[in-house]
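Q: Next up is a structure, given as structure tokens.
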Amino acid sequence: MAELQIGDIAPDFTNATESQDFTLSAHKGKNIVLFFYPKDDTPGCTVENIDFTALLPEFEKHNTILVGCSADPVAKHAKFRDKHDLKVILLSDEDHSTMEAYGAWGEKKMYGKTFIGIKRTTFLIDENGKVAHIWRNVRAKGHAQKVLDQLVESQNG
């Protein structure tokens, strides 16, 4: 499968959350920041989720929903959310199907070892369901602000 590019239609998906399933296509008319992260309650993933939560009011001013996705089960997401008072939507993708559709699941290298896992990747999906921007190999610290800056810039065109 070809890697997603800016301008592509974002693959539709439905994933479990604590309250109800989240389906991308049900949110047309809104921008979506979809960020894939490896694991709840690890240092980088915690920083990323807390930073996005802190900026949520700014994203909302720009008609944008924040959605984090990992392979952790819904119950683990609930504990993670409660522990850090997270306000972003957390999706459970235990079978990796959404990650695979977005190219966020695959071969990684860390500390000289190669393995299969979640690649920290973020997609900005516009109000029409198209990929507006992609961040690959994300560094968690400061990332949420970069995404917000890009969103504001793209809307001010």
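The values are calculated or read from the model by the stated rules, or taken from the named source; none is laboratory data. Keep in mind that this is a model prediction, so the values were computed, not measured. Counting neighbours? That spans all protein chains shown, and the Cβs are built from the backbone with ideal geometry, glycine included. Just so you know, the surface numbers come from the protein's heavy atoms only, side chains and all, with ligands and any DNA or RNA stripped out. Shrake-Rupley method; radii C 1.70, N 1.55, O 1.52, S 1.80 Å.
Conditions (1) within 18 Å of residue 141 (Cα to Cα); (2) free of Cβ contacts under 8 Å to residues at least 40 places away in the same chain; (3) touching an Asp or Glu at 6+ places or on another chain (Cβ under 8 Å), marked per residue:
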residue: 35; (1), (2), (3): yes, no, yes
residue: 78; (1), (2), (3): no, no, yes
residue: 103; (1), (2), (3): no, no, yes
residue: 107; (1), (2), (3): no, yes, no
residue: 114; (1), (2), (3): no, yes, yes
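Q: Test residue 144 against the stated conditions and say whether it is touching a Pro at 6+ places or on another chain (Cβ under 6 Å) and either closer than 15 Å to residue 15 by Cα or open to solvent by less than 10 Å² (accessible area, probe 1.4 Å) (or both).
A: When the stated conditions are applied, residue 144 does not pass them.
Q: Let me ask something else about it. Inside the range 21-49, can you point out the residues that are within 22 Å of residue 100 (Cβ to Cβ), part of a strand (DSSP E or B) and either among the aliphatic types (A, V, I, L, M) or open to solvent by less than 30 Å² (accessible area, probe 1.4 Å) (or both)?
A: Passing the criteria: 22, 32, 33, 34, 35, 36.
Q: Sort out which residues of the range 16-42 are in contact with a Cys (Cβ under 7 Å, 6 or more places away or on another chain) and of a type outside the set (Phe, Trp, Tyr), and write them in order of number.
A: Those that are in contact with a Cys (Cβ under 7 Å, 6 or more places away or on another chain) and of a type outside the set (Phe, Trp, Tyr): 34, 38, 39.
Q: Right, next: Do we find that residue 18 is farther than 16 Å from residue 123 by Cα and open to solvent by 40 Å² or more (accessible area, probe 1.4 Å) in this structure?
A: yes
Q: Follow-up. Somewhere in the range 47-58, is a residue over 27 Å from residue 154 (Cα atoms) and of a type outside the set (A, V, I, L, M)?
A: No: zero hits.
Q: Oh, and also: When you scan the range 50-59, how many residues do you find that are in contact with a Leu (Cβ under 9 Å, 6 or more places away or on another chain) and either without any contact (Cβ under 8 Å) to a residue 40 or more places away in the chain or loosely packed, with under 14 Cβ neighbours inside 10 Å (or both)?
A: Total satisfying the criteria: 3.
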